[in-house]
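Comments concern the structure below.
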Amino acid sequence: MVIQMHVVLNNVSYPVEIVKKKTTKNTYIRIKEDLTIYVTTNARSSDQSIHRLLEQKKEALEKMLHKQQTKNENNSDFHYLGKRYRIVFTNQKEMIIGSSKVFMNKEQDLDKFYKKEAKRIYKEHLDAIYSKFSYKVPYPALKIRKMTTRWGVCNTKEKIITLNLELMKRDLKYLDYVIVHELSHLIHANHSKSFWEVVEENEPNYKKIRKEMKEF
């Protein structure tokens, strides 16, 4: 059962989509990319109780909306290695990156462009970090793919590191951190205290970097 309503936050009206399920015991709130407030709750929850909950959670909702708006801002336009460019569509086949604009055809396959660049850049950075890594580990095979929930994955059994193609949009310090993170899994295949100690040895600013990456 889906119900729709609106809630006003900072003088702006936001749509609320409520999904009631018999199998859902608690009430969960999240914000979609289009800034719709999505509520999942038990089928017996009344509309009035949900409205009261939203009123009580206004401050938290404002923070959630701000976070999502920041994410939307960070993911708009064209991003390449930490710099944001305004897109200008042209009839030319070749893609040209200027100082503040990128000129491209509407048919441009951006993932293909990123993948081509990533094969070179990711390998260079993996080699550089591997050469000075504080522990001796097997040199991993490198894979690149677009992922929605992870920046990197380490297959400790097969000694394969997979890096998210989306890192091509960000400053290279984030790529370097993810590489350190995944190499550290070749020492500790978990997120134990010992694992984070290895990460910190190789990237002392990892906590700050992790916090920044939550905005993407």
**Q.** Per-residue ³J(HN,Hα) for region 204-213, Karplus 6.51 cos²θ - 1.76 cosθ + 1.60, θ = phi - 60°, Hz, x for Gly and Pro
**A.** x, 9, 4, 5, 5, 5, 4, 5, 5, 5
**Q.** Solvent-accessible heavy-atom area per residue, rounded to whole Å², over region 72-135 at 1.4 Å
**A.** 67
(Q) How many angstrom lie between the Cα centre of region 132-198 and the Cα centre of region 36-79? (A) 32
Q. Which whole-Hz ³J(HN,Hα) couplings does region 8-18 yield from phi under the Karplus relation 6.51 cos²θ - 1.76 cosθ + 1.60, θ = phi - 60°, glycine and proline marked x?
A. 9, 10, 6, 6, 10, 8, 10, x, 10, 10, 10
Q) Over all directions, what mean area does the Cα convex hull of region 1-46 project, stated in square nanometres? A) 3.4
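Go through region 95-152 and name the chymotrypsin sites (Phe, Trp or Tyr not before Pro) that are in a DSSP coil and have 16 or fewer other Cβ atoms within 10 Å of their Cβ.
Tyr135
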Q. For Phe78, which sequence-distant residues (separation of 5 or more, or a different chain) have an amide H within less than 5 Å of its own amide H, given hydrogens modelled in the peptide plane?
A. Tyr85, Ile87
Q: Take every Cα-Cα distance within region 28-109, group them into 5 Å bins from 0 onward, and report for each bin the whole-number percent of pairs it holds.
A: 3, 12, 17, 13, 11, 9, 9, 7, 8, 6, 4, 1
Q | Principal-axis tilt of helix 172-184 within the chain, Cα atoms, nearest 10 degrees | A | 80
Q. So which residue, out of Val180, Val198, Val16, gets the largest mean-square fluctuation from a GNM of the chain using Cα contacts under 10 Å as springs?
A. Val16
Q. How would you classify region 147-216 from its alpha-carbon gyration tensor, with a ≥ b ≥ c the square roots of the eigenvalues: rounded for a/c under 1.5, else prolate if a/b is greater than b/c, otherwise oblate?
A. oblate
Q: Using only the Cα atoms of the chain, build the gyration tensor, take square roots of its eigenvalues as a ≥ b ≥ c, and label the shape rounded, prolate or oblate: rounded if a/c is under 1.5, else prolate if a/b is larger than b/c, else oblate.
A: oblate
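Given +1 on the Cβ of Lys and Arg, -1 on the Cβ of Asp and Glu, and no further charges, what dipole in debye does the chain carry about its Cα centre, rounded to the nearest 20?
Values: 42 positive and 27 negative charges, 92 e Å.
Charge dipole, the chain, about its Cα centre: 440 debye, nearest 20.
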Q. Per residue, what accessible area does region 157-211 have, given a 1.4 Å probe and all protein chains present, in Å²?
A. 48
Q: Quick one: which residues, 5 or more positions from Lys101 or on another chain, have an amide H under 5 Å from its amide H? H modelled 1.01 Å from N in the peptide plane, none for Pro or chain starts.
A: Arg86
**Q.** For Asp34, solvent-accessible area (1.4 Å; no DNA, RNA or ligand), Å²
**A.** 110
Q | Histogram of C-alpha separations across region 80-170, 5 Å bin width, % | A | 3, 12, 19, 21, 16, 12, 8, 6, 3, 1, 0
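Round to the nearest 0.05 the FRET efficiency obtained for Lys21 and Asp111 when R0 = 25 Å and r is the Cβ-Cβ distance. Present the calculation step by step, with values, prior to reporting the outcome.
Working: r = 35 Å, r/R0 = 1.40.
According to the calculation, E is roughly 0.10.
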Q: Using only alpha carbon pairs under 8 Å that are at least six residues apart, calculate the relative contact order of region 1-121 and give it in whole percent.
A: 14
Q: Report, to the nearest whole %, how much of the accessible area of the chain belongs to carbon and sulfur atoms, 1.4 Å probe, protein only.
A: 48
Q) Against the longest principal axis of the chain, how steep is helix 47-56, in degrees 0 to 90 to the nearest 10, with axes from Cα atoms? A) 60
Q. How many percent of DSSP beta bridges within the chain run antiparallel, rounded to 5?
A. 60
Q) Residue by residue, what Karplus-based ³J(HN,Hα) values in Hz, rounded to whole numbers, does region 107-117 have, using 6.51, -1.76 and 1.60 with θ = phi - 60° and x for Gly and Pro? A) 8, 4, 8, 5, 4, 5, 5, 4, 5, 4, 5
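The values are calculated or read from the model by the stated rules, or taken from the named source; none is laboratory data. Please read these numbers as outputs of a predicted model, since none were measured by experiment. All Cβ positions, even for glycine, are placed from backbone atoms using ideal geometry, and neighbour counts span all protein chains on display. Please note that ligands, DNA and RNA were not included when accessible areas were found on the heavy atoms of the full protein model with its side chains. Shrake-Rupley method; radii C 1.70, N 1.55, O 1.52, S 1.80 Å.
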